[in-house]
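Below is one structure, written out as structure tokens, with a few remarks after it.
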Amino acid sequence: MHILVTGGAGFIGSTYVRALLSGDYPAFAGADVTVLDKLTYAGNPANLAAVAGRPGFRLVSGDIADAPLVRELLVPGSVVVNFAAETHVDRSIDDAGSFVHTNVTGTHVLLETALRQRADRFLQVSTDEVYGSIPTGSWTESSPLLPNSPYAASKASADLLALSYFRTHGLDVRITRCSNNYGPHQHPEKLIPRFTTRLLAGRTVPLYGDGRHIRDWLHVDDHCRGIQLALERGEPGNVYHIGGGTELSNRSLTRELLAACGADWSAVRHVADRLGHDRRYSLDDSRLRALGYRPRTAFAEGLRATVDWYRSHPDWWATRAEYDARYANADERRDTPCAASSSLEVRQPGSVH
Ligand code: NAD
Ligand code: DAU
């Protein structure tokens, strides 16, 4: 068995690969694993250091939109798990070009190659953001796609392309749509690692708008287990929600992070809201639960362990905290930087984190 994991050097992809190569998914035991990752600002080979020497594993640096390279790596009969994406909503608001390139064109190249090479299965890792925002209740897998941000629109486009390859060509495509993930190895541009690393450095944290936006938080290990279940027991052409985490407003989550990092509300700065900011996401995940899915990580315990991981890995996030100039400028418009106050400070010249 050969598994091509695209985007496997990022937060969730690397968690999946580490679990896979550590024997957590017995149905795939002994498989050869190729990670194809462009190693953008979000990709980090160090995320795969724990499994780098395993037999049958290789990391290839490259773009999923590079058709000749994908054809070389996606050997006939492969299982494809596509994590590769541009993933940060704020960046997509600033410039959506790379989101269309990777999330739409890249996914198309993977699908086309999977079809030609007769891939065994193709799992597209997607997101609850494709549905837009929901004030009450939860989306089912047949809810209409109403994405708001350019990121979400690019992911919805990829989902529709993926489903078209099932309906038109019969390619075995499965899609998972998950809620907000947290855990070790997440880039410090996202809320939990951003607030954690700033608080650990004695800095303030920027809360967008009124802070009453709601997200459903799921530990990354549970997300990966859900993906594996959809691969093993799902049906071709189906979409599976992965949720069942913990719904929290950003204010409530901020309070938890302040407590975990020994800070108080005076560390919170209210800053201008994100454009088109989705108010609430919520998934009905009963379809995957019928296959046996249950989240295992209790939020309080998972968050504590995550904060501890960032506390004990300052070298990992110091290098990840560098923002490129374009993003730093976008952030600056919303967020006034505060004075450095700790030896863990990782601000780079010209960047704001
Ligand atoms: P991430 O930003 O941490 O990692 C993305 C990875 O993709 C990086 O390693 C990056 O180098 C790679 N990549 C980017 N462009 C590429 C290209 N053109 N070719 C090859 N590799 C490329 O993202 P993540 O949080 O791990 O998300 C992984 C997937 O899960 C994404 O598809 C995302 O939409 C989805 N998802 C994420 C969440 C979440 O909360 N983080 C929730 C639901 C779904
Ligand atoms: O729901 C799944 C999605 O979750 C994934 O598809 C995305 O790839 C992932 O980035 C995440 O998107 P969000 O936009 O929900 O995550 P983010 O961490 O950027 O923001 C979470 C909430 O916190 C959101 O309401 C915006 C707010 N926020 C975020 C940051 C970075 C702040 O208030 N301040 C911040 O500095």
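The values are calculated or read from the model by the stated rules, or taken from the named source; none is laboratory data. All of these numbers come straight from a predicted model, not from anything done at the bench. Methodologically, a virtual Cβ is constructed for each residue, glycine included, from the backbone with ideal geometry; neighbour enumeration extends over all protein chains shown. To get the accessible areas, we keep the full protein, side chains included, count just its heavy atoms, and leave off ligands, DNA and RNA. Shrake-Rupley method; radii C 1.70, N 1.55, O 1.52, S 1.80 Å.
General remarks:
- The C-beta contact set for segment 211-222 (first residue among the aromatic types (Phe, Trp, Tyr), second residue open to solvent by 10 Å² or more (accessible area, probe 1.4 Å) and near ligand 2 (Cβ under 8 Å from one of its atoms), distance under 6 angstrom, 6+ apart or interchain) comprises Trp217/Asn180.
- Among the candidates Ser22, Ser14, the residue that is more than 20 Å from His101 (Cβ to Cβ) and within 16 Å of ligand 2 (Cβ to nearest atom) is uniquely Ser14.
- Residue check, Gln124 among the polar types (S, T, N, Q) and in a loop (DSSP other than H, G, I, E, B): no
- Restricting attention to segment 117-129, the residues that are surrounded by fewer than 20 Cβ atoms within 10 Å (Cβ to Cβ) and within 16 Å of ligand 2 (Cβ to nearest atom) add up to 0.
- Gly53 meets all of the listed conditions (1) within 11 Å of Leu4 (Cβ to Cβ); (2) modelled with pLDDT under 95 but one, namely (1).
- Long-range neighbours under 6 Å by Cβ, at least six apart or interchain, first residue away from ligand 1 (no atom under 12 Å from the Cβ) within segment 143-161, second among the acidic types (Asp, Glu): Asn148/Asp278
- The one condition from (1) assigned to a helix (DSSP H, G or I); (2) touching a strand residue (DSSP E or B) at 6+ places or on another chain (Cβ under 9 Å); (3) β-branched (Val, Ile, Thr) that Val109 does not meet is (2).
- Residue among Arg287, Arg333, Arg255 that alone is open to solvent by 40 Å² or more (accessible area, probe 1.4 Å) and modelled with pLDDT under 95: Arg333
- Residue list for segment 35-68, restricted to those being among the β-branched types (Val, Ile, Thr) and surrounded by 20 or more Cβ atoms within 10 Å (Cβ to Cβ): Val35, Ile64
- Note on segment 93-116: residues that are surrounded by fewer than 23 Cβ atoms within 10 Å (Cβ to Cβ) and small (Gly, Ala, Ser) amount to 3.
- Filter result for Thr102 (part of a loop (DSSP other than H, G, I, E, B) and within 15 Å of ligand 2 (Cβ to nearest atom)): no
- Qualifying residue in segment 200-214 (condition: open to solvent by less than 30 Å² (accessible area, probe 1.4 Å) and within 15 Å of ligand 1 (Cβ to nearest atom)): yes
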